[in-house]
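What follows is a short report on a single structure.
The values are calculated or read from the model by the stated rules, or taken from the named source; none is laboratory data. Bear in mind that the values here come from a model prediction, so they are computed numbers and not experimental data. In this analysis, Cβ positions are derived from the backbone assuming ideal geometry, glycine residues included, and neighbour counts consider all displayed protein chains. Ligands, DNA and RNA are stripped out before the accessible areas are found, and what is left, the full protein with its side chains, is counted by its heavy atoms. Shrake-Rupley method; radii C 1.70, N 1.55, O 1.52, S 1.80 Å.
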Amino acid sequence: MTSDNDLLRAAAAHAIAYAATIDERHATPTPEAIAALGALDGPLPDDPTDAVETIDLLARIGGAATMGSTGANYFGFVNGATYPVALGASMIVNAWDQNAALPVMSPVAAKVYDITRRWLNELLGLAEHTDVAFVTGATVANASCLAAARDALLRDAGWDVQNDGMFGAPEITVMIGEQAHSTLRKSLGLIGLGRRRVTIIPSDDQGRLRSELLPDPNSIEGPVLLCAQAGEVNTGAFDPFEPLADWVAEQGSAWLHVDGAFGLWALADPSRAELVQGLTRADSLATDAHKWLNVTYDCGIAFVTRPAALRRSFAAVAGYLPPDDGFEAMHHTPQSSQRARQIEVWSVLRTLGRSGIAELVQGTCDCAEAIAEDLRSCGFQVLNDVVLNQVLVRFRDSETTERLIAEIQRDGRIWCGPTQWDSGTAMRISVSSWKTNLDDARAAADVITACAVAVTPPPNLSGN
Ligand SMILES: *Cc1c(COP(=O)(O)O)cnc(C)c1O
């Protein structure tokens with residue numbers, strides 16, 4: 001029999017070895033490694049099996065079939081890697097296994113929540129009273145903010161959604177940009193406002209909401225929910241927040257929500273002040289820490305600047321729930337029991353500091369620019385203004401671009417995926433890992449260029 005100590009030591013050793021060797025392996029696992037996952041399968045055991053064997057099997061078979069998304073060479077989606085300090089904090093948090101629902105359940109989670117909330121508001125330049133809630137991701141952060149918006153807007157219109165529901169409620173005019181993220185619509189559907197029952201404001205060629213096409217604010221009767229975006233998921237573009245906030249102020253019964261799943265962190269980089277202008281005037285903002293801040297999954301954050309709005313939407317009542325002194329997470333989020341996500345965020349904020357986070361943002365944006373520059377000079381079309389960490393490229397045409405992406409994924413050294421842009425296929429390159437430096441960026445551009453050559457053999461060779 002192995003002791004619990006041996007078991008945990010073995011698990012920690014596997015985790016450390018994985019983190020230490022991530023850049024020696026390909027961003028994509030081999031087909032053999034994926035096929036070998038079958039070793040995790042079998043009939044549900046009737047009787048107990050050895051725990052160390054379970055950990056070893058998981059580490060060996062599972063670890064070989066991971067995407068290398070914590071390394072320097074993964075550019076897929078907008079995923080983000082993880083800082084060693086976040087991983088370390090996460091290991092400790094998992095050992096503690098605290099329920100962060102209420103301060104009475106975890107003094108350390110409660111204290112770290114208070115600190116992290118203050119630090120985040122300072123870092124992002126949000127008002128001191130801004131409510132901060134940790135949830136699973138930006139989808140749920142958006143949904144939480146939108147629920148708070150819905151409830152506050154209808155409360156002002158004399159309607160109690162929480163008790164009376166949406167049937168018969170005054171109408172809310174919901175406006176979203178043409179390029180709103182798919183999960184924003186999902187969130188609208190979830191809270192009963194409807195995925196399709198929205199007014200779509202056209203976007204420009206970068207995916208920015210065209211504020212000049214908003215209706216006259218005085219022409220709309222009743223509450224308005226205006227959803228904007230900091231960081232379009234393909235181009236990284238930011239909506240023009242100053243005119244949007246002006247519009248909301250003039251309309252009088254409107255709420256401005258911003259989906260900043262990755263882009264919100266640009267607020268921490270002084271060199272991007274122009275891009276974020278007016279952003280902090282929003283009534284609510286959603287972001288992810290597991291993307292660009294490079295914190296472990298899963299961690300989204302909802303910010304609501306209107307006092308008590310989250311609590312009005314999410315408070316629960318039960319006889320065994322004591323009134324508590326501090327921040328009661330379960331009364332500010334859709335969750336009740338929850339892990340103390342704030343602790344990994346705290347560990348990264350403390351370790352990087354303001355300048356470190358600004359450097360993370362700046363450094364990854366510089367890498368995106370370097371990749372764009374290299375690819376442009378090799379004849380690729382860069383479809384976006386590279387204002388952030390996103391590069392959108394097309395090679396010749398949609399069809400060749402699709403073959404290029406397939407070749408990159410087959411090659412495996414780096415990973416990029418497709419998207420649809422401007423009625424065609426494009427390749428999306430997101431530099432979201434703290435590990436990616438300029439050398440990695442240039443090497444990635446070289447891989448892409450080599451793969452492009454592979455899918456377009458010169459005419460004198462193609463006939464053989
Ligand atoms: C990733 C993303 C989301 C969804 O975030 P999850 O953490 O996956 O729930 C929403 N909006 C934008 C702009 C995103 O990039």
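Side notes on the structure shown:
- Of all the numbered requirements in (1) touching a residue at least 24 places away in the same chain (Cβ under 8 Å); (2) of a type outside the set (A, V, I, L, M); (3) open to solvent by 10 Å² or more (accessible area, probe 1.4 Å), Gly424 misses one, and that requirement is (3).
- Here the stretch 205-221 is the region considered, the condition is being surrounded by 15 or more Cβ atoms within 10 Å (Cβ to Cβ) and assigned to a loop (DSSP other than H, G, I, E, B), and the residue that is nearest to the ligand (Cβ to nearest atom) is Gly207.
- In summary, Ala110 fulfils each of the numbered conditions (1) open to solvent by 20 Å² or more (accessible area, probe 1.4 Å); (2) out of contact with any Pro (no Cβ under 7 Å at 6 or more places or on another chain); (3) small (Gly, Ala, Ser) with the single exception of condition (2).
- Evaluation of Glu171 against (1) in contact (Cβ under 8 Å) with a residue 40 or more places away in the chain; (2) open to solvent by 70 Å² or more (accessible area, probe 1.4 Å); (3) outside any loop (DSSP other than H, G, I, E, B) (one fails), failing number: (3)
- Scanning the stretch 434-443 for residues that are open to solvent by less than 40 Å² (accessible area, probe 1.4 Å) and either over 11 Å from Ile414 (Cβ atoms) or in contact with a helix residue (DSSP H, G or I) (Cβ under 6 Å, 6 or more places away or on another chain) (or both) turns up Thr436, Ala441.
- Restricting the stretch 161-185 to residues that are hydrophobic (A, V, I, L, M, F, W, C) and within 16 Å of the ligand (Cβ to nearest atom), the residue that is nearest to the chain's Cα centre (by Cα) is Leu184.
- Screening Glu178 against (1) open to solvent by less than 50 Å² (accessible area, probe 1.4 Å); (2) farther than 20 Å from Gln338 by Cβ leaves a single unmet condition, (1).
- Pairs linking a residue in the stretch 378-404 that is without any contact (Cβ under 8 Å) to a residue 24 or more places away in the chain to a residue that is charged (D, E, K, R), with Cβ atoms under 6 Å and 6 or more positions apart or on different chains, are Gln381/Arg394; Val382/Arg376.
- Count of the stretch 244-292 residues which are farther than 24 Å from Gly353 by Cβ, open to solvent by 20 Å² or more (accessible area, probe 1.4 Å) and within 12 Å of the ligand (Cβ to nearest atom): 0
- Residue list for the stretch 248-284, restricted to those being part of a strand (DSSP E or B) and not charged (D, E, K, R): Ala254, Trp255, Leu256, His257, Val258, Ser284
- Here Met330 clears all of (1) part of a helix (DSSP H, G or I); (2) farther than 27 Å from Glu232 by Cα; (3) within 16 Å of the ligand (Cβ to nearest atom) except the condition numbered (3).
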